[in-house]
Amino acid sequence: MVTEYAGAADVGLDLLTGAGPVMLWLVVLSFIFAQCGLIIGLVLPGGTLLFPVGIMLAQQGADLQVWLMAVAATIAAIAGNLTGYVIGHKAGTVVAARKGGTLLSREKVDRARTFLNRHGVLAVVAARWIPWAGTLTPLIAGAAGMDRRRYAWGSTLGAILWVPVVLFAGFYAAGLLTLVPQWLETTVVWVLIGLVVASTVYGVWRYVGEIRKPIDPTPGPEQVSQQHS
């Protein structure tokens, strides 16, 4: 029975990973870009997705592809950060604050702003490891008028220290899975994939609920300064 289960699971995994490598790349790069620069990135598991993708690439023996993925995903993260900066510079942070919101709330915007003001460029680098801060920091940096070169330097360094680390952690963790029974190895991979899919569906559902709430008109420091300038 265990052998039959492992065989069936392996077939399913092969279909998933081999059905469309282009689709895999599109999903990974779009999730990373969105998490790093768009408000909807608050609910997308971009970083979480990199780990199981690394495992899948290792199981395929795709040594070259994992390096290409690391480079492409790093570029997507940098592009997302710069996009978020531009959006914040043009629109401010009011789009991220909703009345009664939990994901999109004035409190989270203020926490991210405090984090950025306290640590500067280091905050931009460190924010990559804090999901909500990673999405809100570019927006707030742009709204606050942070120097573009300093921000670009920090976001680039942060992406380089984040994307390859998570992706290769999954890639090399796959070697540890070979030490366990095949059925358990396949189960672990499917559980990780299931968690990514479930968290994405749940996150988008919550995001839709949040975005329908009215915008919190309470001005942040950047809006106050603009009103008095």
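The values are calculated or read from the model by the stated rules, or taken from the named source; none is laboratory data. Everything quoted here is computed from the prediction, not taken from an experiment. Quick reminder, even Gly has a Cβ in these numbers, built from the backbone with ideal geometry, and neighbours come from all protein chains shown. Keep in mind that these areas ignore ligands, DNA and RNA; they rest on the heavy atoms of the full protein, side chains included. Shrake-Rupley method; radii C 1.70, N 1.55, O 1.52, S 1.80 Å.
Scanning the range 116-133 for residues that are open to solvent by 20 Å² or more (accessible area, probe 1.4 Å) and either within 25 Å of THR200 (Cα to Cα) or touching an Asp or Glu at 6+ places or on another chain (Cβ under 6 Å) (or both) turns up VAL125, ALA126, TRP129, ILE130, PRO131, TRP132. Residues in the range 69-83 that are closer than 26 Å to ALA143 by Cβ and open to solvent by 60 Å² or more (accessible area, probe 1.4 Å): ILE75, LEU82. Just one of (1) of a type in the set (Val, Ile, Thr); (2) under 26 Å from VAL27 (Cβ atoms); (3) crowded, with 20+ Cβ neighbours inside 10 Å fails for ILE140. It is (2). Scanning the range 17-68 for residues that are over 30 Å from VAL94 (Cα atoms), open to solvent by 50 Å² or more (accessible area, probe 1.4 Å), part of a helix (DSSP H, G or I) and among the small types (Gly, Ala, Ser) yields a single hit, GLY18. Within the bounds of the range 80-100, is there any residue that is in contact (Cβ under 8 Å) with a residue 12 or more places away in the chain and farther than 21 Å from ILE40 by Cβ? Taking every residue of the range 80-100 in turn, none turns out to be in contact (Cβ under 8 Å) with a residue 12 or more places away in the chain and farther than 21 Å from ILE40 by Cβ. From the list GLY158, GLY134, GLY175, the one residue that fits, being under 16 Å from PHE33 (Cβ atoms) and either touching a Cys at 6+ places or on another chain (Cβ under 7 Å) or at pLDDT below 80 (or both), is GLY134.
Going by the structure shown, is VAL86 open to solvent by 20 Å² or more (accessible area, probe 1.4 Å) and either under 22 Å from SER30 (Cα atoms) or in contact with a Phe, Trp or Tyr (Cβ under 7 Å, 6 or more places away or on another chain) (or both)? Here the answer is yes, as VAL86 does meet what is asked.
Before we move on, is ARG98 out of contact with any strand residue (DSSP E or B) (no Cβ under 8 Å at 6 or more places or on another chain), open to solvent by 10 Å² or more (accessible area, probe 1.4 Å) and among the basic types (Lys, Arg)? No: the conditions fail for ARG98.
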